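Please read the structure below before turning to the comments.
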Amino acid sequence: MPRGWPGATPPLLSPTVRRYLIAALALTFLSAACGSAGVPPEGVSELPPTDYAAMSALLAASDRPVVLNVWASWCIPCRSEAPLLRRAHEESGDRVRFVGVAVRDDQEAARGFIAEFGLVNLEHYFDPSGSVPGGLGAAGVPHTFFFAPGGHLVHHHAGVIDEGALALQIDELLGREG
Amino acid sequence: MEFTLLGAVAVAVVTFGVTLWFEAGRTNPAGSSRRLGDAALAAALSGLLAGRLAAMVAGGNDPLAHPADIVVVRAGVDTGFAALAALAVLALYARHNLWRTLDCLAPAALAGLAAWHLSGLFRGAWLGTSSSLPWAVAQEGSTVTRHPVEVYAALGLLLGALALHLWKRRTPLPGIVGAAALVVASGVRLGTEPLRLGLGSGPDWWYAAGAALGMLLLGWRLTRPQSKPST
């Protein structure tokens, strides 16, 4: 087999490069362990408390479809889906109501999360006992629920939601509206 | 926990591997599958990392403050940066015989991509914009019928993979099959993008750039004076 053919490629990484790569990986894990504690919650007001009964009443009274996202500041996947929710709100916040419920969290950390990801324009509530997702039959975070006007549950997405799924379910809600 | 994304990755990787295995000894050199698989794995992992980092930065999530978030690939991977990084790593890995390596990988890469798009069927992520065409499909509990956009993409990529496999049998000049694969992959994505639902403006220009680059490479390789194949 001639030199250079895919079957005879020489080793790509020398021992020195491998050592540097391992050192870089170790540094990454170290920085993860010493990661930032979050952004100060300046400019974000205290989140109003809620529970399942109060949230059910809010959903029933809503004349717009509602995207209800259950999150927590300590939840890594929630940090990753926050930018999607912000973009979705920017695009269809005038037709769909976006509600965030911070569960099993503390006020300062939850407000810091909202400040860090620019979610100040979304409607947020504080549910330290996790009563809202519990009442909706969900455990853990994140969860995203899609409600038609009047509070009829259309779709429940458990776990991190991606852009396509979020866009599809919002389009479904708006399609139902006619 | 749900593992549909992991399942989709597994389906794509298996399809890629089976295609490489099928082509070994037919249109690829016998015994080349392992090295080609290694090159593709290095390229795919690098692309995933670069794409995830780009998506985090674009979304306002600082990778230095939250490095553990990098592994949450479900939350988004920037396909443009991912493709660039994957191609760069592949070029580095296969630098001694880049064109032949690209030719060897091309049909398998398209088949793997087709499997990835088709896996949207079990991930619940295969429907696009609303449509009244006879084959449009409604999601469970809905009356809105939609384009099965990921099926369109998978069919386009599968046809591309088959065409390139047949073309490779005629042993064209090195690099032509690889360049054609770039045109097919970018073109299929560009063509189906208007039927996908997304949040805000899509990365269409990345796909247009990929198709243009593929066509430039194809033109360059086709008009080059013929030299002896390196095998």
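Details
- Environment charge of residue B:179, counting only residues whose C-beta is closer than 14 Å and scoring Lys/Arg +1, Asp/Glu -1: +3
- Pairwise centroid distance, computed over Cα atoms, of region A:122-164 with region B:59-92, Å: 28 Å
- DSSP assigns beta bridges within the protein assembly as shown; of those with both partners inside it, close to 50 percent run antiparallel.
- Estimated FRET transfer efficiency (residue A:108, residue A:16; beta-carbon r; R0 56 Å; 0.05): 0.75
- Rounded to whole Hz, the Karplus (6.51, -1.76, 1.60) HN-Hα couplings of region A:82-97, x for glycine and proline: 4, x, 5, 5, 4, 5, 4, 5, 4, 7, 10, x, 7, 10, 10, 8
- The mean count of C-beta atoms from other chains within 10 Å of the C-beta of residues in A:50-58, rounded to a whole number, is 0.
- Quotient of C-alpha Rg and 2.2 N^0.38 Å, computed over the protein assembly as shown: 1.11
- Sites residue A:54 and residue A:154 - FRET efficiency at Förster radius 22 Å, r taken between beta-carbons, to 0.05: 0.60
- Shielding by partners - mean other protein chain Cβ count within 10 Å, residues of B:12-22: 0
- Ordering of A:51-63, A:153-165 by packing [mean C-beta count within 10 Å, highest first]: A:153-165, A:51-63
- Helical mean residue ellipticity (222 nm; -39500 (n - 2.57) per DSSP H run of 4+; nearest 500) of chain B: -21000 deg cm²/dmol
- Averaged over the residues of peptide B:59-71, the number of Cβ atoms from other protein chains lying within 10 Å of each residue's Cβ is 6.
- For region A:46-178, accessible area per residue (1.4 Å probe, heavy atoms of protein chains only), Å²: 37 Å²
- Other residues lying with their Cβ under 10 Å from the Cβ of residue B:195 contribute a combined charge of 0, Lys and Arg counting +1, Asp and Glu -1.
- Averaged per residue, region B:20-99 has 47 square angstrom of accessible surface, using a 1.4 angstrom probe with ligands and nucleic acids left out.
- Label-point gap, in nm, between residue B:159 and residue A:26 - each point 7 angstrom along Cα→Cβ: 5.4 nm
- Taking Cβ atoms as reference points and 10 Å as the exclusive limit, the residues near residue B:77 contribute a net charge of 0, counting Lys and Arg as +1 and Asp and Glu as -1.
- Chain B, accessible surface, carbon-and-sulfur percent (1.4 angstrom probe): 70 percent
The values are calculated or read from the model by the stated rules, or taken from the named source; none is laboratory data. Everything numeric here is computed off the predicted structure, so don't read it as measured data. All Cβ positions, even for glycine, are placed from backbone atoms using ideal geometry, and neighbour counts span all protein chains on display. In case anyone asks, the SASA skips ligands and DNA or RNA and just uses the protein heavy atoms, side chains included. Shrake-Rupley method; radii C 1.70, N 1.55, O 1.52, S 1.80 Å.
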